[in-house]
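K.L.:
I have a structure here, written as structure tokens, and I will follow up with some questions on it.
Computed from the coordinates by the stated procedures, all read-outs in this text should not be read as laboratory data. Model, not experiment: these values are computed from the prediction. Ideal geometry is used to build each Cβ from the backbone, glycine not excepted, and the neighbour counts take in all protein chains shown.
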Amino acid sequence: MIKRFATALIIIPPVGLLIIFGPSYTLSLMVCAAAILGLYEFYSMTMSQGVTGEKIGGIVLGVILCALFQWAPSEMIMVFLGAVMVVLFLGYAFSSEEFSILPNRIGIVFLGIIYIPFLLSHVSLINKLPQGIFWVLLLMSTVWVGDTFALLIGSWWGRHKLSPQISPHKTVEGFFACFVGAIFTVFAFKALFLPTLRAADALFVGLGIALFGQLGDLSESMIKRGAKVKDSGGLIPGHGGVLDRLDSFLFAAPFLYYFLMFKIFAEAS
């Protein structure tokens with residue numbers, strides 16, 4: 001746990017400073033880099049070691065998708081995803097000799113693209129909204145603080161397993177502690193940076209980020225259990241792989257983005 005917190009203290013401040021003071025495209029580059037590393041770990045867990053071409057192809061498509069989220073209209077994203085599915089079917093149809101496993105192979109490649117670049121790129125969309133940088137920092141802080149509360153309370157006082165088949169170390173006590181940490185963080189941001197945010201909305205955002213963040217964590221745990229690995233990788237000391245740190249953002253970022261879009265449309269109507 002000491003290594004875990006030491007690594008977080010080394011990584012989090014530079015990331016926050018780059019997002020705040022870096023060029024406007026800094027966050028998009030971070031999302032793209034995280035998506036590349038996350039996709040590499042995902043395909044390494046779900047594909048055999050010899051399938052290099054498919055991994056590279058999936059990662060390239062993921063990078064293109066991240067770029068579309070940043071610079072293209074939303075219609076282009078849907079066209080691209082449809083084109084990816086067609087290309088995958090045609091590519092495998094003319095290059096494969098074993099068709100019995102094609103649905104699994106196509107499904108894994110496409111799932112990786114949706115699961116990581118598509119979901120994670122909602123962070124870039126949040127950044128484009130009014131006061132977007134504050135909402136991005138709120139998302140990151142809320143996820144991290146919620147995870148920290150869940151880890152500490154679960155380690156110290158956790159007695160009841162949340163889902164032992166998926167994640168044997170997660171506890172019910174840690175699950176609810178995450179909500180406490182998330183709500184506290186959102187209200188702190190409200191007081192410091194977002195004074196016009198209504199208390200009811202702040203409570204809803206805190207609850208939603210905590211819930212969807214933990215669902216993202218459990219979803220990645222299911223993938224790891226299926227792959228029979230403890231961590232998605234070993235790049236981050238004390239934390240595992242990049243995907244182990246991204247998992248909570250994958251579902252929480254879309255939740256926050258669509259909540260903010262709903263509020264914008266509601267206020268404009």
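K.L.:
Please arrange ILE19, ILE116 by counting, for each residue, the other beta carbons lying within 10 Å of its beta carbon, fewest first.
P.N.:
Least crowded to most crowded, the residues run ILE19, ILE116.
K.L.:
Separate question: MET47's amide H: which non-local residues (gap 5+, or another chain) put their own amide H closer than 5 Å, with H modeled 1.01 Å from N in plane and none for Pro or chain starts?
P.N.:
Under 5 Å from the amide H of MET47: no residue qualifies.
K.L.:
Then there's this: If you work out mean projected area of the Cα convex hull in nm² from the coordinates, which of [x] 15.5; [y] 13.5; [z] 19.1 do you get?
P.N.:
The value matching this structure is [x].
K.L.:
Separate question: Taking Cα pairs under 8 Å and at least six residues apart, what relative contact order does the stretch 2-268 come out at, in percent?
P.N.:
Value for the stretch 2-268: 22 percent.
K.L.:
Now a separate question. Please list, or write none, the aspartates and glutamates whose alpha carbon is within less than 16 Å of the alpha carbon of LYS230, excluding same-chain residues fewer than 8 places away.
P.N.:
Qualifying aspartates and glutamates at Cα under 16 Å: GLU41, ASP217, GLU220, ASP244, ASP247.
K.L.:
What is the set of long-range amide H partners of LEU162 at a cut-off below 5 Å, with H atoms built 1.01 Å from backbone N?
P.N.:
Result for LEU162 returns LYS170, THR171, VAL172.
K.L.:
Just want the ordering: GLU173, GLU54, GLU75, from fewest to most Cβ atoms lying within 10 Å of their own Cβ.
P.N.:
GLU75, GLU173, GLU54
K.L.:
Further, regarding this structure: Among ILE101, TRP144, SER155, flag the residue with its Cα farthest along the positive direction of the charge dipole of the chain, charges on Cβ as +1 for Lys/Arg and -1 for Asp/Glu.
P.N.:
In the chain, that residue is SER155.
K.L.:
Right, next: What ranking do ILE56, ILE77 get, fewest neighbouring Cβ atoms within 10 angstrom at the top?
P.N.:
Sorted ascending by nearby Cβ count, the order is ILE56, ILE77.
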